[in-house]
Amino acid sequence: MAYEAVIGLECHIQLGTRSKMFCGCPAEFGAEPNSNVCPVCLGLPGALPRANRAAIDAAIRLGLALGSEIRGESVFARKNYFYPDMPKNYQITQYERPLCEGGALPVTVDGEERSFALVRVHAEEDTGKSFHPERHGDRRVSRVDFNRAGVPLLELVTRPVFRAPVECGAFLTALRRLVRWLGISGGDMEKGQLRCDANVSLRPAGSEPLGTKTEIKNLNSIGGVMKGLAAEIERQRRVLEQGGAIEQATLLYDADREVLAVMRSKESAHDYRYFPEPDLPVLVVDEAWLAEARRRLPELPWTRAARFASEYGLPPYDAGVLTEQRDLADYYEACAREVDEKLASNWLMTEVLRVLKDRGWTLAEWSERVPPGRLVELLKKVAAKELPGPLAKQVFGWMVEEPGGTGELLDRHGVRVQATPEELRPLVRAVLAENPGPVRQYLGGKSATLGFLVGQVMKKSGGQAAPQVVQELLREELEGARRGC
Amino acid sequence: MSAAEAWRLSAASLADGVRAGSIGYQEAIESGWEGPAARWEPDVHAVVHADPEVRRRGAAGSNGGPLAGVPVLVKDNLCTMDYPTTCGSRILGGYRPPYDATVVARLREAGAVITGKGNMDEFAMGSSTEYSCYGPTRNPYDLERVPGGSSGGPAAAVAYGLCPIGLGSDTGGSVRQPAAFCGVFGLKPTYGRLSRYGLVAFGSSLDQVGIFARHAGDVALAYAALAGPDPFDATTRLGPAPGVSDWDRGVRGLTFGWPANLWKEGVDPEVVGALEQAAACLERCGARRSPLDFLPGEYAVATYYLVATAEASSNLARFDGVRYGFRHPESDDVRALYTRTRSAGFGPEVQRRILLGTYALSAGYYDAYYLTAQRARTRIRREYEAAFARCDFMLMPAAPSLPFRLGEKTDDPLEMYLSDIFTLGANLAGIPGLTVPLDLSAAGLPRAVQLLGPEDSEPLLLGAARVIEVRGEETRLGRDHLTEFAWPTKR
Ligand SMILES: [Zn+2]
């Protein structure tokens, strides 16, 4: 029998706010253990939470971007369970009345435009971090760092809309792009800024009812999500094919060994005893706040990609690449306003992205060295054929290393572009004299031969002649020869 | 009056004397320790943490504010940096908070000095101050009897003269009932008027810090220093608290509710007599009695114990031995650490309530218990609102009986829970309640009544309390109220 997988994702997005979700401690990463803590995030007796407006605002903006409905009144809730890295032994989250409900994320899967529906998005607090027990003589000691405790998270839950691991991979890539685009999170899975748990079940292909699902945790890279899901789908398929039944369980994925291990079975499932958080009032998001959030919402990546295609005539692939990052899209548009859109796109996608990749730079690091204006100056010369192609690439290389405009760089490196008729006419005449055959062909009506002749002149000039001028001179000389015949 | 007798003064007079220079800061603080505490404290046991050196530093750091040099005993569930804060529980043994509760900080800003920490039922769960890991507090008016609870320590200390003001916490009557048993004033303010930041939570939606004093004027003085919004407590009400500077306005033209159906049965005749006497005082000063049938008590006890224990089961989850307080020494793994620490660290009443609350929130029971209780709570709140549409405030017992004997109710938790029947409604409704002491019964035990009013009616309640305090005379705010308080004598 053929089986179909049904997958739902639960993602956690660590926000890049300055302070924590319910106190004023810095939410930064990498400080001395237990240095960014206070009575609130340590859960000391008597301390009370106060909601971080910036984190709520980030949740609202993500909700708006996804087309979710934003509740005017939502409720924080306590999720109760004991864990040593959770200071209060409950987590403040949202449960019955979350901030954002519904919505969908547009995703391109294998070149096809898809949209994956969501259940909810809400803000909550992160836990601290436990370190595995160390042996101290006959005692075992575990350490806990509470710097991360209380750092704001957004929880995003999808409907069970995925049928294959590759869809989940594309979804997470798109989600990562979106949270970076909105500037609310670094979105780096390896750093735990984006985390993902997956629910997966199998059912006979074409049937309606859902099978028993298992939950996979600890999926900490997009590749890991796809591999872990593939492994679990394969495991479930084998069990079902042998006539067995799937048992509800929570599994851990070990990315190094690429194996799944059972973390807890159904019998030991938690009863979280959710109830409304009495320490926080109902979260009110009024029209003014919503309007302000909407006003600050940037043009979204998928909208921008569509506009790049229609406004600048870019192929969908180019538009997709250029909208992978917001600052890349901004950079592109700054160039495209000044020079030929396709030329700018080609140079960005090949030359600039290659430099970024080779050097491991962010676009910000790039544009600090080469702001759009500098690149535009070069591209304008290329477009006007005032610079030979190889020379333009060389100038581009110098640009990365040194300051100065295109002209300055050429001077500094002792390169003089021969661009006056007086300089170039002798070269042109020499080439015409040396190539009687092609000249005849040209005069005989085969105008494509002109390209060959231009190449010969460029070669003779040591690549330093302006191709535009060479072309004009060649035409002039050849037309003169034709009239002279 | 000599400085050694400073402990007899009201807080207002004491602060006046200190500011005028006739009483030293140090004398103002120590007077209560030298006179009355030497005499009473060994028997009463109201104080669980005290330190002369900390007091000396406190006196030196005091200022000429409205509570200049006024010693205040605060309940042991309010965080103080200079004393341990243990909630009367073994599980917080030796715990010292790294911060002051907002109300403690505001006391200090007003010039008050924390004179020590008061005994209490463990985690404020109890009505007699018998469930403390430090042993019970006794009632100074009869050492065989309880001072009420859970804030029995501060109530008893204010009664015998250690200090003119005490702070407690009131989740279902824990300030108003001990105030009645110890013959002092006890205010539970409107929910959200006093910050809960630094008050170790029991039932977060019910808890309020409350004020003990021997004089209505001192309650007003402390309320003015403490009330108001706190950015550290998101449940405090926005905007300034009602001003109490003009509180002593009498009751002329006001109507007070008289829900006599509540004390038809099961209420001590001495308590009923006190209510009649208080009503007569109010009427003599121009208030009108409005009889009303009022039955919010019907489901209030059940509602209260579901809400309070549900919240408590979650609030007390943090006491696990991982980060502070007591940790059971023989714990091989984290499960054992939790269960052994909590089994040995919490007393039986606290464990009972954690279990009740956990049950009420469990899957399959949540709707039947917690949700039903929330709906009942909304109804109770509406019943109070309806009642206050017909009267300005209400006269009520603070407790169904006079102080009971130690051990009398510890074997019967339900009996103990029912002793809160007249007080917990105010917590469910979020409204203020004020216990007003009247006099002593024939047996020499304090008799008191309770005033309830709508939200933010504290000034009005204080005005009415003043009328009762001066036995229905025309009121005037004299600052020396010496003749108005019946001091305990040793029995
Ligand atoms: Zn903090």
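The values are calculated or read from the model by the stated rules, or taken from the named source; none is laboratory data. Quick caveat, the model's predicted, so the values are computed rather than measured. Cβ: placed from backbone, ideal geometry, glycine included. Neighbour counts: every protein chain shown. Only protein heavy atoms, including side chains, enter the accessible area calculation; ligands, DNA and RNA are left aside. Shrake-Rupley method; radii C 1.70, N 1.55, O 1.52, S 1.80 Å.
If the Cβ limit is 9 Å and pairs must be 6+ apart or interchain, which residue in segment A:310-326 that is in a helix (DSSP H, G or I) pairs with which residue that is basic (Lys, Arg)?
Close Cβ pairs (under 9 Å, with a partner that is basic (Lys, Arg)) amount to A:Tyr312/A:Lys342; A:Asp318/A:Lys342; A:Ala319/A:Arg304; A:Ala319/A:Arg307; A:Leu322/A:Arg304; A:Arg326/A:Arg177; A:Arg326/A:Arg180; A:Arg326/A:Arg304.
Name the one entry in A:Ala164, A:Ala123, A:Ala149 that is in contact (Cβ under 8 Å) with a residue 12 or more places away in the chain and open to solvent by 20 Å² or more (accessible area, probe 1.4 Å).
Values: A:Ala123 fails: open to solvent by 20 Å² or more (accessible area, probe 1.4 Å); A:Ala149 fails: open to solvent by 20 Å² or more (accessible area, probe 1.4 Å).
Among A:Ala164, A:Ala123, A:Ala149, only A:Ala164 is in contact (Cβ under 8 Å) with a residue 12 or more places away in the chain and open to solvent by 20 Å² or more (accessible area, probe 1.4 Å).
Return the total of residues in segment B:377-428 being closer than 23 Å to B:Ala278 by Cβ and polar (S, T, N, Q).
Within segment B:377-428, residues that are closer than 23 Å to B:Ala278 by Cβ and polar (S, T, N, Q) number 4.
Given the conditions (1) within 14 Å of another protein chain (Cβ to nearest Cβ); (2) open to solvent by less than 10 Å² (accessible area, probe 1.4 Å), which single one is not true for B:Tyr99?
Status for B:Tyr99: all satisfied but (2).
Please go through (1) of a type outside the set (S, T, N, Q); (2) outside any loop (DSSP other than H, G, I, E, B); (3) out of contact with any helix residue (DSSP H, G or I) (no Cβ under 8 Å at 6 or more places or on another chain) for B:Arg323 and return the number of the only condition it doesn't satisfy.
(2)
Can you find even one residue in segment A:75-89 that is under 30 Å from the mean Cα position of the chain (by Cα) and either farther than 25 Å from B:Phe232 by Cα or within 16 Å of the ligand (Cβ to nearest atom) (or both)?
The answer is no, given that none of the residues of segment A:75-89 is under 30 Å from the mean Cα position of the chain (by Cα) and either farther than 25 Å from B:Phe232 by Cα or within 16 Å of the ligand (Cβ to nearest atom) (or both).
Can you tell me how many residues in segment B:82-92 are assigned to a loop (DSSP other than H, G, I, E, B) and away from chain A (no Cβ under 13 Å)?
2
Kindly indicate whether any position in segment A:153-162 is modelled with pLDDT of 95 or more, within 30 Å of A:Glu32 (Cβ to Cβ), within 16 Å of the ligand (Cβ to nearest atom) and within 21 Å of the chain's Cα centre (by Cα).
Checked against the condition, which is being modelled with pLDDT of 95 or more, within 30 Å of A:Glu32 (Cβ to Cβ), within 16 Å of the ligand (Cβ to nearest atom) and within 21 Å of the chain's Cα centre (by Cα), segment A:153-162 yields at least one hit.
Test each condition in (1) part of a loop (DSSP other than H, G, I, E, B); (2) under 27 Å from A:Glu113 (Cα atoms); (3) not aromatic (Phe, Trp, Tyr) for A:Thr303 and report the one that comes out false.
Single failed check for A:Thr303: (1).
Condition first: charged (D, E, K, R) and assigned to a helix (DSSP H, G or I). Now tell me which residues in segment A:429-477 satisfy that.
Of everything in segment A:429-477, those that are charged (D, E, K, R) and assigned to a helix (DSSP H, G or I) turn out to be A:Arg429, A:Glu434, A:Arg440, A:Lys459, A:Lys460, A:Glu472, A:Arg475, A:Glu476, A:Glu477.
In segment B:241-291, how many residues are touching a Gly at 6+ places or on another chain (Cβ under 6 Å) and either outside the structural domain of B:Ser441 (by TED's automatic domain parsing) or of a type in the set (Lys, Arg) (or both)?
Total meeting the criteria: 3.
Only one of (1) of a type in the set (D, E, K, R); (2) open to solvent by 50 Å² or more (accessible area, probe 1.4 Å); (3) in a helix (DSSP H, G or I) fails for A:Glu351. Which number is that?
It is condition (2) that A:Glu351 fails.
Do the conditions hold for B:Leu306, that is, is it part of a helix (DSSP H, G or I), open to solvent by 10 Å² or more (accessible area, probe 1.4 Å) and within 14 Å of another protein chain (Cβ to nearest Cβ)?
The answer is yes for B:Leu306.
Look at segment B:201-223 and say how many of its residues are within 13 Å of chain A (Cβ to nearest Cβ) and open to solvent by 10 Å² or more (accessible area, probe 1.4 Å).
Result for segment B:201-223: 2.
Is at least one residue of segment A:44-52 over 17 Å from A:Arg148 (Cβ atoms), within 13 Å of chain B (Cβ to nearest Cβ), at pLDDT 95 or above and open to solvent by 20 Å² or more (accessible area, probe 1.4 Å)?
There is at least one residue in segment A:44-52 that is over 17 Å from A:Arg148 (Cβ atoms), within 13 Å of chain B (Cβ to nearest Cβ), at pLDDT 95 or above and open to solvent by 20 Å² or more (accessible area, probe 1.4 Å).
For segment A:25-36: of the residues being open to solvent by less than 40 Å² (accessible area, probe 1.4 Å) and within 11 Å of the ligand (Cβ to nearest atom), which is farthest from B:Pro98 (Cα to Cα)?
In this case the residue turns out to be A:Ala27.
If you scan segment B:61-77, which residues turn out to be open to solvent by 50 Å² or more (accessible area, probe 1.4 Å) and modelled with pLDDT of 95 or more?
B:Pro66
Within segment B:355-376, how many residues are within 27 Å of B:Pro432 (Cα to Cα) and either more than 12 Å from chain A (Cβ to nearest Cβ) or open to solvent by 20 Å² or more (accessible area, probe 1.4 Å) (or both)? Don't jump to the end; show me each part of the working.
Initially, segment B:355-376 is screened for residues within 27 Å of B:Pro432 (Cα to Cα), giving B:357, B:369-376.
When the remaining residues are screened for being either more than 12 Å from chain A (Cβ to nearest Cβ) or open to solvent by 20 Å² or more (accessible area, probe 1.4 Å) (or both), the result is B:369, B:371-372, B:374-376.
Of the residues in that region, 6 qualify.
Does segment B:416-451 hold any residues that are assigned to a helix (DSSP H, G or I), open to solvent by 10 Å² or more (accessible area, probe 1.4 Å) and closer than 16 Å to B:Phe181 by Cβ, and which are they?
The answer is B:Leu418, and nothing else.
Quick one: how many residues across segment B:190-227 are of a type in the set (Gly, Ala, Ser), out of contact with any strand residue (DSSP E or B) (no Cβ under 7 Å at 6 or more places or on another chain) and part of a helix (DSSP H, G or I)? Show your work before the answer.
Initial filter on segment B:190-227 (of a type in the set (Gly, Ala, Ser)): B:192, B:195, B:198, B:201, B:203-205, B:210, B:213, B:216-217, B:220, B:222, B:224-225, B:227.
The next check asks that each one be out of contact with any strand residue (DSSP E or B) (no Cβ under 7 Å at 6 or more places or on another chain); those that pass are B:192, B:195, B:201, B:203-205, B:217, B:220, B:224-225, B:227.
With part of a helix (DSSP H, G or I) added as a condition, the list becomes B:217, B:220, B:224-225.
Counting residues in segment B:190-227 that are of a type in the set (Gly, Ala, Ser), out of contact with any strand residue (DSSP E or B) (no Cβ under 7 Å at 6 or more places or on another chain) and part of a helix (DSSP H, G or I) gives 4.
Picking from A:Ala47, A:Ala55, A:Ala51, which residue would you name as being part of a helix (DSSP H, G or I) and under 25 Å from B:Tyr197 (Cβ atoms)?
A:Ala55
Name the residues in segment A:327-348 that are assigned to a helix (DSSP H, G or I) and surrounded by 17 or more Cβ atoms within 10 Å (Cβ to Cβ), would you?
Within segment A:327-348, the first condition is being assigned to a helix (DSSP H, G or I), and the residues that meet it are A:327-336, A:341-348.
Residues satisfying the conditions are A:Leu328, A:Ala329, A:Tyr331, A:Tyr332, A:Glu333, A:Cys335, A:Ala336, A:Glu341, A:Ala344, A:Ser345, A:Trp347, A:Leu348.
Name the residue, out of A:Arg257, A:Arg264, that is charged (D, E, K, R) and either at pLDDT 95 or above or out of contact with any strand residue (DSSP E or B) (no Cβ under 9 Å at 6 or more places or on another chain) (or both).
Among A:Arg257, A:Arg264, only A:Arg257 is charged (D, E, K, R) and either at pLDDT 95 or above or out of contact with any strand residue (DSSP E or B) (no Cβ under 9 Å at 6 or more places or on another chain) (or both).
Would you point out which residue out of A:Thr323, A:Thr303 is hydroxyl-bearing (Ser, Thr, Tyr) and surrounded by fewer than 20 Cβ atoms within 10 Å (Cβ to Cβ)?
A:Thr303
Which count do you get for residues in segment A:120-146 that are within 13 Å of the ligand (Cβ to nearest atom) and either closer than 17 Å to A:Cys196 by Cα or more than 14 Å from every other protein chain (Cβ to nearest Cβ) (or both)?
Here the count works out to 2.
Taking the options A:Ala55, A:Ala104, A:Ala65, name whichever one is of a type outside the set (Val, Ile, Thr), within 30 Å of A:Pro301 (Cβ to Cβ) and within 16 Å of the ligand (Cβ to nearest atom).
A:Ala55
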